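S.K.: Have a look at this one.
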Amino acid sequence: MGDTLRFFAFIVGFLPGYAGAALRRKVRAIIHGWTYKGPTDTPKVVVVVGGSFAGHQLMARLTETLPTGWQAVLVEKNEHFNWSFAFPRFSVVPGHENTAFMAYVKILAKGVQRGIARFVQGEVVSVTADKHIQLASGDAVPYDILVVATGSGQRPPAKLLGAAHKDTACAELRTLQDRIRRAHKVAVVGGGAVGVELVTDIKTYAGVVAERNRKKVGDDKDDSVADKDVTLVHSRTQLLNRFGSRLHEHVAGVLAKQDITVELGQRVTIEYKDGGDESVGAGRPGTLHFPDGRAIEYDCILLCTGQTPNSGLFKEAFAGALTATGEVRVNAGLQVVVDEKGTSSSQGLEDVYAFGDVAATGGPKMARAGFFQADVIADNIVASIAGRPAKHRYVPNVVEPSLKLTLGKDATVVYMDMNEEQTKSILMPKKGDAEDMYVKQSWHFMGVKYSDDDE
């Protein structure tokens, strides 16, 4: 059976159960809309810290399920939701960056109007013992139930340094566009999904971007480089090493056809020309020093390595909840486990949850896993409010680590590992996505419709 047939056979088997659960949630949401009477003057509060894909999904579930007298409060440091899936493309191709940001006040508008949702913009610095979260501004937000979905830290362009405001985030993307456009030799360090998408976009869109800039500024002022020398450097011997070797082989073949140099098994050090580090800004010129003694200069160096859990707010009140790698320890119900001795206790805190990239859930560090985890947490919260046991459990499924990977202007690939051993897989090459990554159309997932007024 070919990959396409296996994929549709899988969907046919998986879809009925998923659709049934979705239908039940929809019916519950309709009934909730009729029965919810408001948060009262002194509501009990579920505070969700972090409003990216996982945190937003939980807020959506809570606004459909919390009983009268309760309110969901999203605390998020950014003013706008960041559609980070498009950042690699939008750091290369100009003209679409405005569409990657949507104000939380618009996304949460319906819930705010009903009184069941509230948005607080601010950076959380700690959790106190008296059930408050402390903001960098000095303000404190009380909670009855706390959920942490702060994700992980990544370097630009996977995450942006200036993401707190739309203007600064767009300016950061435009700076990256300009640096990449003018560079002849480009090095991307890190062969995960972001690194692969970035090198293929840089290589295949170089001519398109150069031609548009020539028309914009004129031949005599155009400083674009259309024929780029692009290198991808990875410390492992396999690209996309979280997935099976079959995906590596396919992607490596595409990179070879695009004339992208691939350096595997190379843990390089970086010496920037201006002497700074990546905190100064991405895409600056410098030298890569290879383990074999080579030192190669590049006009533009971009780092796509590593993810660091954003778990700092737990260090004081719940220090025993952090693993050696900085993830938040949780049980199968996604309740935070404070385990000072490092044992395997599964007794979680009744009123503190964590999920998504920041938590040691056993699932993949991918948005889709966060969606399934959000359902578990929402069901457990509603059960506990009603005085029932929080018995819902998170079990990773095969859908969560599936991947759609863009490979430049003319190619994408859909990939799924069908077992934990990564010996069975589905791989389906496809033609390229739209240049704008269909972001405007994708906002419906957040419950809003994009319009040019949002720009």
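Laboratory data are not the source of any read-out in this text; all were calculated from the coordinates shown. Keep in mind the model is a prediction, meaning the values are calculated, not measured. Cβ coordinates were reconstructed from backbone atoms using ideal geometry, including for glycine residues, and neighbour counts include every protein chain displayed.
S.K.: Could you calculate the FRET efficiency of A386 with A319 from 1/(1 + (r/R0)^6), where r is the beta carbon distance between them and R0 is 35 Å, rounded to 0.05?
M.R.: Efficiency at R0 = 35 Å is approximately 0.65.
S.K.: Ignoring everything except DSSP H segments at least 4 long, calculate the 222 nm mean residue ellipticity for the chain; use -39,500 (n - 2.57) per segment, divide by total residues, nearest 500.
M.R.: On the way: 10 runs with 135 residues, N = 455.
So the calculated ellipticity at 222 nm is -9500 deg cm²/dmol.
S.K.: Continuing with this model, one more query. Under the rule of at least 5 residues apart or a separate chain, name every residue whose amide H is placed under 5 Å from the amide H of V262.
M.R.: For V262, the qualifying residues are L232.
S.K.: Here is a further query. Under a Cβ-only charge scheme (Lys and Arg +1, Asp and Glu -1), can you give me the dipole magnitude of the chain about the Cα centre, in debye to the nearest 20?
M.R.: 1260
S.K.: While we're here: I need to check one value: relative contact order of segment 171-306, counting alpha carbon pairs closer than 8 Å and at least 6 residues apart, in percent.
M.R.: Relative contact order comes out at 31 percent.
S.K.: Using a simple spin-label model with points 7 Å from Cα along the Cα→Cβ vector, what separation in nm is obtained for T175 and A109?
M.R.: 3.2
S.K.: Volume per residue, Å³, of the convex hull around the alpha-carbon atoms of segment 171-306?
M.R.: Looking at segment 171-306, the number lands at 112 Å³ per residue.
S.K.: Additional query: Calculate the all-directions average of the projected area of the chain's alpha-carbon convex hull, and give it in nm².
M.R.: That works out to 23.9 nm², a quarter of the Cα hull's surface.
S.K.: From the backbone phi of segment 94-100, what are the Karplus-calculated ³J(HN,Hα) couplings (6.51 cos²θ - 1.76 cosθ + 1.60, θ = phi - 60°) in whole Hz, Gly and Pro given as x?
M.R.: The phi angles translate into x, x, 10, 4, 4, 6, 8 Hz.
S.K.: OK, next. For helix 166-182, what angle does its Cα long axis make with the longest principal axis of the chain, in degrees from 0 to 90 and rounded to 10?
M.R.: Approximately 20 degrees, to the nearest 10.
S.K.: Same structure again: Set the Förster distance to 22 Å, then compute FRET efficiency between L15 and K431 from the Cβ-Cβ distance, nearest 0.05. All intermediate terms of the calculation are to be shown ahead of the outcome.
M.R.: On the way: r = 25 Å, r/R0 = 1.13.
Using R0 = 22 Å, I get an efficiency of 0.35.
S.K.: Let me ask another. Using only the alpha carbons, work out the radius of gyration and Dmax of segment 296-455 in angstrom.
M.R.: For segment 296-455, the Cα-based Rg and Dmax read 19.8, 63 Å.
S.K.: Sticking with this structure for a sec: At 0.890 mPa s and 25 °C, plugging the Kirkwood radius over alpha-carbon pairs of segment 184-242 into Stokes-Einstein gives what diffusion coefficient in µm²/s?
M.R.: On the way: Rh = 12.6 Å.
Result for D is 194 µm²/s.
S.K.: 5 Å is the cut-off here: which amide hydrogens, built 1.01 Å from N in the peptide plane, fall below it relative to V125, excluding neighbours closer than 5 in sequence?
M.R.: Q134, L135, A136
S.K.: Take every DSSP beta bridge with both residues inside the chain and express the antiparallel ones as a percent of the total, to the nearest 5.
M.R.: 50
S.K.: Among the lysines in segment 323-455, how many pairs, 8 or more places apart or on different chains, have alpha carbons under 24 Å apart?
M.R.: 14
S.K.: Going by how many other Cβ atoms sit within 10 Å of their own, how do K37, K365 line up, fewest first?
M.R.: K37, K365
S.K.: Got a sec? How would I11, I107, I180 order by Cβ neighbour count within 10 Å, fewest to most?
M.R.: With the sparsest Cβ surroundings first, the list reads I11, I107, I180.
S.K.: So if I place +1 on the C-beta of Lys and Arg and -1 on the C-beta of Asp and Glu, and nothing else carries charge, what would the dipole magnitude of segment 171-306 be about its Cα centre? I want it in debye, nearest 20.
M.R.: That gives a dipole near 320 debye.
S.K.: With an 8 Å Cα cut-off and a minimum separation of 6 or more residues, compute the relative contact order for the chain in percent. Intermediate values should be presented prior to the final figure.
M.R.: Working: 898 pairs, mean separation 71.8, N = 455.
Rounded, it is 16 percent for the chain.
S.K.: Oh, and also: Which listed residue (V254, S235, G265) has the Cα farthest towards the positive end of the charge dipole for segment 235-290, taking +1 on Lys and Arg C-beta and -1 on Asp and Glu C-beta about the Cα centre?
M.R.: The one lying farthest along the dipole's positive direction is V254.
S.K.: I've got another one for you. What's the exposure ranking of L232, L405, going from fewest to most Cβ atoms within 10 Å?
M.R.: The fewest-first ordering by Cβ neighbours comes to L405, L232.
S.K.: Tabulate in residue order the Karplus-calculated ³J(HN,Hα) for segment 435-442, using 6.51 cos²θ - 1.76 cosθ + 1.60 with θ = phi - 60°, rounded to whole Hz; enter x for Gly and Pro.
M.R.: 4, 8, 6, 6, 5, 4, 6, 6
S.K.: Using 0.36 nm times the number of residues separating H289 and D220, minus their current alpha carbon distance, what extension gain do you get?
M.R.: On the way: separation 69, 0.36 × 69 = 24.84 nm, distance 3.60 nm.
My answer for the length gained is 21.2 nm.
S.K.: For a Förster distance of 41 Å, can you work out the FRET efficiency between the beta-carbons of M418 and K44, rounded to the nearest 0.05?
M.R.: Efficiency, from the Cβ-Cβ distance: 0.40.
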